[in-house]
Each structure stands twice: as structure tokens, then as C-alpha cells.
1. Can you pull the accessible area of Asp115 for me, 1.4 Å probe, Å² to the nearest 10?
2. Restricting to lysines 8 or more places apart or on different chains, can you count the pairs in region 166-284 with Cα atoms under 16 Å from each other?
3. Compactness ratio of region 46-153: Cα Rg over 2.2 N^0.38 Å, N = residue count?
4. Using the Cα atoms as the points, what is the convex hull volume per residue of region 175-284 in Å³?
5. Taking only protein heavy atoms into account and a 1.4 Å probe, give the accessible area per residue of the chain in Å².
6. Tell me the accessible surface of Thr168 in square angstrom (1.4 angstrom probe, heavy atoms of protein chains only), to the nearest ten.
7. Please give the solvent-accessible surface of Asp52 in Å², to the nearest 10, using a probe radius of 1.4 Å with every protein chain present.
8. Out of the total accessible area of the chain (probe 1.4 Å, heavy atoms of protein only), what percent is carbon and sulfur?
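The values are calculated or read from the model by the stated rules, or taken from the named source; none is laboratory data. The structure displayed is predicted, hence computed values, not measured ones. Positions of Cβ are backbone-derived with ideal geometry, glycine not excepted, and every protein chain shown enters the neighbour counts. The protein model used for the area step is the full one, side chains on, heavy atoms only, and it has no ligands, DNA or RNA in it. Shrake-Rupley method; radii C 1.70, N 1.55, O 1.52, S 1.80 Å.
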Amino acid sequence: MIIKNYRTQFIQELSPIYDVDEAESFFYLILEKKQQLKRIDLALNPDLTFSDEEIVVWNSILEQLQQEIPIQYLLGKTSFYGLNFEVNADVLIPRPETEELVEWIIRDCFVPRNDKKLKILDIGTGSGCIAISLAKNISNAEVFAIDVSGKALAKAKKNAEINEVNVTFLLKNILETEDLEQQFDIIVSNPPYVRELEKQEIKKNVLNNEPHLALFVENNDALLFYRKIAELAQKNLSQNGQLFFEINQYLGKEMIELLEKMGFKNIELRKDIYGNDRMIRGTI
């Protein structure tokens, strides 16, 4: 079958679920991954064809996209802060909002040509996107990362190898940890923060495919992880050390109050590119 003709069919069959531009972007992402062909190759060679065997593979991918399985999981990869990451159903797909958190830390905390080591801890690392991006972009950083999932840590370790950075990964349940046993200059976390009552706001492709362990908290204690991590930060941040969180957009006021009660100073709440309260920082 001529690839250009299949492209038209592919987009038409996805159009009830995705808009045309998104469906077209899926087609070219898969084309590059599966056939090592780019858009320009198709333009220059309009008579290129798929074999019957290739059509079977493409139809299987199309069926999974119709079931709203994320394209990142189907391809096994995504990009974050200009870096390449492998992803699967054991880890959350990194979001643009989290890139903003990484950018904030890099811009505010990295001092070029500073020989002093900056010790950074990422709690709930998942794919490793935060820890690895910081290690890649802060030359004097010594980065550690914690997760409760061994499968997530395996993927994060692979991503550190792909991006050629050194990160110390630790398997640990943060809710059962009383002391981190060393001091850090920066602690950052994007913990579970979606309340059960907000499930109806979550897109089907996320709700049905991404790990709930990394997404949801109970309605009656939405700040469970934030409170525990802030308690550890009180003990394990160095003097003037900084705590960064990605937060639930509806709980900015509550997060300010939590950090104030726990003795943090210079608290700053920031909005993401969509205008939602999404990041907060406090100094100990």
C-alpha cells in the first residue's frame, strides 16, 4: 500500500478521538520510529509503500491509539527538557509543567564555574526526568533520586545511561522514612497530588494507562506527601537550603500555609504556562 494513502486513512480513523494535527503528528512520529523515514522523505518519494507485514504492525498501533493508549508508551520514548527518555506503563509521562519546575531550579540555583558541589535530591523520581535534567544542566550538581517503585527506578537508571549522567538512585518509601541520613542543598519533588474527587477531570488516556500510584491521593489528606517531605526537608536541608514542589493547581493557598506553619521562609508560588498555580518554593 502506498504510504501516503495509508496516512490519509490513519488520520481519518483517529479523527473522532484526536484533532487532525495531532493525528498527523502521531503518524510522522511512528513513521520515524518504525520505518526510519521523515516527512521530507515521503514528500520526495511519494510512491513509497508499506509491505503487508508493515501494514499489520501499523494497524495494531492504530487500534491502540483508538483505545487512547498514549503515543509515548507505544513508541517507548518521549522528550523532556531537550533530552530523550524511555517510558513505559511503570512511569508517568513527563509533562511540560514539570519542565518549568526544572527550569526554575536551574535558573535560580546554578552558579556557573562554581566548584562547590550542589547536592540535590529528587523524591518520587519516576522516569528520572527531573533528576537527570538537573544533573545534565548543573555541572556542579551531585544528584540523588528516590522512588518507591523498583520498576520505575530501573527505567530511571536506563534513562541516566542514555543521557550520560551520574545519578544515585535509591529504593525507598518516603512515607516510611524518618531521616534521609545526609544533608542536601535542594530537595525537589513532584509527588502524587491528584485527589480522587478530581478523577473526572483526568483524560481517559491518562486515567486508564498511567500508574495511579504516582498520580492519586485520598481526598481527606491531599497534602500527605508534601507534609512528609517538608518534615524531612526540615531535618535534611542544609542552612538556606531550598525545597521545590510541583503542586495541585487547586491547593496553592493550602501549600503556602503548610510551608509557613513548618517554618519555611521566602515562600514563592508560581503559575505554569496555562495560568495554574503549579510550583512552590520555600527556604529553610
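1. About 150 Å², ignoring ligands and nucleic acids.
2. Within region 166-284, the lysine pair count is 7.
3. Ratio of Cα Rg to 2.2 N^0.38 Å: 1.42.
4. Hull volume normalised by residue count: 112 Å³.
5. In whole numbers, the chain has 50 Å² accessible per residue.
6. 60 Å²
7. 120 Å²
8. 47 percent
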